[in-house]
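Contents: one structure, followed by commentary.
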Amino acid sequence: MNKKFQIIGGVIAIFSVVLIAGGFLININRPTPVTKTETAQSQTYPVTLSIEHPTLPKTISIDAQIGETAMDVMERVSLQYRIQLGVKEYSFGKMIESIDGLSSDQKNQKYWTLYINGQLSNIGASDYKVKNGDTITWKYGG
């Protein structure tokens, strides 16, 4: 009878080892769940923001969030890099009035103008949704 218990104990021990090893192997092949942080990172893409300012020329590479507008990016960059930004809200959206002290000049018809990928934008910065690889440029002139 003692021999019978030893055999049963051995079988149980082997069975336990097989279960533990099998569970370990199953977990190795199981994909790692995606966390919220990883998801947020995968929803960003690089854009370049360029400010053609006589005393503060800047070109900044930054990651934009999906759905961000050119104005969102500019406002975020102005906070991050401590660039003074004057923005006025109109019925059609926000408009940049000044960048780092250089204000629009109606008398001489000089304004901050938005260019996307080298082309004058035909929509406002509040409406333009940035895309992967965009170059957003603010130029001062008439």
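The values are calculated or read from the model by the stated rules, or taken from the named source; none is laboratory data. Bear in mind the structure is a predicted one, so any value in this text is a computation, not a measurement. Glycine also receives a Cβ, built like all others from the backbone with ideal geometry; neighbour counts cover every protein chain displayed.
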Expected output for segment 32-58 (first residue at pLDDT 50 or above, partner of a type in the set (Lys, Arg) and in a strand (DSSP E or B), Cβ below 8 Å, 6+ apart or cross-chain) is Leu49/Lys58; Ser50/Lys58; Ile51/Lys58; Glu52/Lys139
Specify which of the listed residues (Thr113, Thr69) is out of contact with any His (no Cβ under 6 Å at 6 or more places or on another chain) and closer than 15 Å to Glu52 by Cβ.
-> Thr113
Out of curiosity, is Ile123 in contact with a Leu (Cβ under 9 Å, 6 or more places away or on another chain) and under 14 Å from Leu49 (Cα atoms)?
-> no
Are any residues in segment 107-142 touching a residue at least 60 places away in the same chain (Cβ under 8 Å), of a type in the set (A, V, I, L, M) and part of a loop (DSSP other than H, G, I, E, B), and if so, which ones?
-> Val130
For Gly133, all conditions in the list (1) touching a Lys or Arg at 6+ places or on another chain (Cβ under 9 Å); (2) modelled with pLDDT of 95 or more hold save one; what is the number of the exception?
-> (1)
Test for Asp72: is it surrounded by 13 or more Cβ atoms within 10 Å (Cβ to Cβ) and part of a helix (DSSP H, G or I) | yes
Search segment 81-113 for residues being crowded, with 16+ Cβ neighbours inside 10 Å and over 27 Å from the mean Cα position of the chain (by Cα), and hand back the single one that is nearest to Tyr140 (Cα to Cα).
-> Tyr111
